[in-house]
Structures are given as structure tokens and as C-alpha cells.
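The values are calculated or read from the model by the stated rules, or taken from the named source; none is laboratory data. Remember, it's a predicted structure, so these values are computed and weren't measured experimentally. All Cβ positions, even for glycine, are placed from backbone atoms using ideal geometry, and neighbour counts span all protein chains on display.
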Amino acid sequence: MNIGSYELVKQIGEGAFGRTYLATHRLLGIPACLKQEKTGDPRYQKLFREEAKALSRLRHESLAAFMDYYEDADPNVGQMIAMSFVKGESLTRLLEQGGAIADEHVCWIIQRLLR
């Protein structure tokens, strides 16, 4: 499936309100992460749009970079936020594989985020 300039490769996550996909920019060949609002509820759609606005203003070395925002009348597409793809394991997978994260790693993560 194509969304804007992106081709979906595979679903990489799902939560209560959204799904995330690995995608590839069709012309540039660069990977991206597409986040989709999945409820179709107008209240959540408004919050998702606000999230996209907030992400568009954020710049931080530890956050995926905002790339684009889409709205489509097709319910299979709906709302999508395109972000840079950050390669690595999900927090859920890390916890499943190794249990709790060591205190020094938690401190390192918090220190980077506070910068």
C-alpha cells in the first residue's frame, strides 16, 4: 500500500489508538516510520492532529524527526504521521529478552532526554 510518497513495508507495532509501520520513501529509498491513528473517533483524531503539530516543532537527537502528516478519507489510511525511522529493538522486546533495564542505562536515557 502507498501512503503519500511512502510505500508500507510492514507493521512494526500497535497500541490502543494507533499502529506503526516501517515504510520506504518511493523516490528517495529512505526508510521512514508511519504512525496511523486507528480508532476513527473524532476525539482521538483531533488529539492525533495536535500530536503531529507538536512533533513538527520538536528537534532532539533522541527523538525521531517529523517528516510529514497525511489525512485521507479512505478509512484504511485515515491519519498518518511520517517520521524518521530509528533502527533498534522496541522497549517491549528489550524487557522480554532481558528483564528490567539496569539503573545506569535508565540514567543514561534520562540524561539524553533532559538535554
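The table that follows gives values for the structure above.
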quantity	calculated
Pair list, Cβ < 6 Å and 6+ apart or interchain, from the range 46-63 residues that are within 27 Å of GLN111 (Cα to Cα) and among the polar types (S, T, N, Q) to residues that are surrounded by 11 or more Cβ atoms within 10 Å (Cβ to Cβ) and at pLDDT 95 or above	SER56/PHE66
Every residue from the range 88-113 that is part of a loop (DSSP other than H, G, I, E, B) and free of Cβ contacts under 8 Å to residues at least 12 places away in the same chain	GLY88, GLU89, GLY99, ALA100, ILE101, ALA102
Complete set of residues in the range 52-78 that are loosely packed, with under 10 Cβ neighbours inside 10 Å, of a type in the set (D, E, K, R) and closer than 18 Å to LYS38 by Cα	ASP74
Cβ pairs under 7 Å, 6+ apart, first in the range 1-24 and farther than 13 Å from MET83 by Cα and small (Gly, Ala, Ser), second modelled with pLDDT of 90 or more and not in a strand (DSSP E or B)	GLY18/LYS38
